[in-house]
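Reviewing the structure listed below.
The values are calculated or read from the model by the stated rules, or taken from the named source; none is laboratory data. Bear in mind that the values here come from a model prediction, so they are computed numbers and not experimental data. Quick reminder, even Gly has a Cβ in these numbers, built from the backbone with ideal geometry, and neighbours come from all protein chains shown. Only protein heavy atoms, including side chains, enter the accessible area calculation; ligands, DNA and RNA are left aside. Shrake-Rupley method; radii C 1.70, N 1.55, O 1.52, S 1.80 Å.
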Amino acid sequence: MERDYKDIVAELKRAFPKDTVKFRSDNHRPYIPNQVYTDRVESATESRWNLEIKELEINVPHRYVKSIVQVQIDVHFRDGYGFAVIPGDPLTEPSNINTAVDKAVNEAFLTALDSYQMGWRDLAPYKMKDWAGNPALKHLLEQATPGEQAVVSQHHMRTSRQCLVCGRALTEDEWDLLGQVPNLNRDKMTYCFEHLPNHLKRKIDKVTLQQFEKKNTAE
Ligand SMILES: [Zn+2]
């Protein structure tokens with residue numbers, strides 16, 4: 001029997017497995033790879049979905065590409081828009097146009113899926129300062145759909161601080177722990193626990209360190 005639309009949408013919103021969120025190498029911002037979204041749409045709809053490019057504007061003189069795509073599931077559809085700058089000189093490097101088209105279409109696909117709140121639960125811990133800290137969206141952090149573990153517990157809550165080494169957002173606990181290193185400017189020397197250099201780790205009060213490790217390895 002085919003799934004009805006309501007169940008499909010619930011499935012789209014469901015949290016992804018742990019470690020689905022990746023970080024961009026250039027700006028360390030969290031994201032979920034496109035393939036992950038596509039895979040979820042495929043499985044949730046049992047391949048009964050459609051993606052249509054409604055509009056594609058390639059403006060070579062002004063070096064941009066704009067696209068509007070439509071994701072259709074059942075009889076329902078959602079639009080998404082995307083925009084990309086064509087880098088360099090498109091006349092001498094025409095392949096840059098293709099790259100920009102791909103980028104604009106991908107972005108449009110993601111904005112369409114974003115309207116289903118796909119990936120929101122996964123990205124929320126990294127977007128506390130952005131949108132997820134809004135009281136109206138608190139449910140994303142607290143509630144988990146039935147059969148699923150609570151997504152984020154308090155001390156796993158992410159901060160907007162990122163590790164200098166791996167770019168991962170620090171948990172509240174990691175941020176607090178950095179504050180326990182004597183004479184450390186944690187705004188500049190920001191490390192996740194894994195990448196906190198040993199000579200700094202040793203400066204932390206033993207009991208505090210043990211408490212941190214106990215709390216953060218128990219689960
Ligand atoms: Zn790190």
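Here are the numbers for this structure:
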| quantity | calculated |
| --- | --- |
| Residue, nearest to the ligand (Cβ to nearest atom), within the range 169-192, restricted to residues that are touching a helix residue (DSSP H, G or I) at 6+ places or on another chain (Cβ under 9 Å) and open to solvent by 30 Å² or more (accessible area, probe 1.4 Å) | Tyr191 |
| Of the criteria (1) part of a strand (DSSP E or B); (2) surrounded by fewer than 15 Cβ atoms within 10 Å (Cβ to Cβ); (3) not β-branched (Val, Ile, Thr), which one Ala84 fails | (2) |
| Count of residues meeting criterion [assigned to a loop (DSSP other than H, G, I, E, B) and surrounded by fewer than 12 Cβ atoms within 10 Å (Cβ to Cβ)] in the range 45-63 | 4 |
| Test: Lys66 is touching a residue at least 60 places away in the same chain (Cβ under 8 Å), among the basic types (Lys, Arg), open to solvent by 40 Å² or more (accessible area, probe 1.4 Å) and not assigned by TED's automatic domain parsing to the domain that holds Arg161 | no |
| Criterion (over 30 Å from Glu11 (Cα atoms) and of a type in the set (D, E, K, R)) met by exactly one of Asp74, Asp102, Asp89 | Asp89 |
| Entirely in the range 113-219, the helices (runs of 4 or more DSSP H) that have 3 or more residues that are modelled with pLDDT of 85 or more and more than 24 Å from the chain's Cα centre (by Cα) | 198-201, 206-217 |
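So that you can scan it fast, the table gives a plain yes or no per residue for (1) among the acidic types (Asp, Glu); (2) open to solvent by 20 Å² or more (accessible area, probe 1.4 Å); (3) within 16 Å of the ligand (Cβ to nearest atom):
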residue: Ser160; (1), (2), (3): no, yes, yes
residue: Gly167; (1), (2), (3): no, no, yes
residue: Glu194; (1), (2), (3): yes, yes, yes
residue: Pro197; (1), (2), (3): no, yes, yes
residue: Leu200; (1), (2), (3): no, no, yes
residue: Val207; (1), (2), (3): no, yes, no
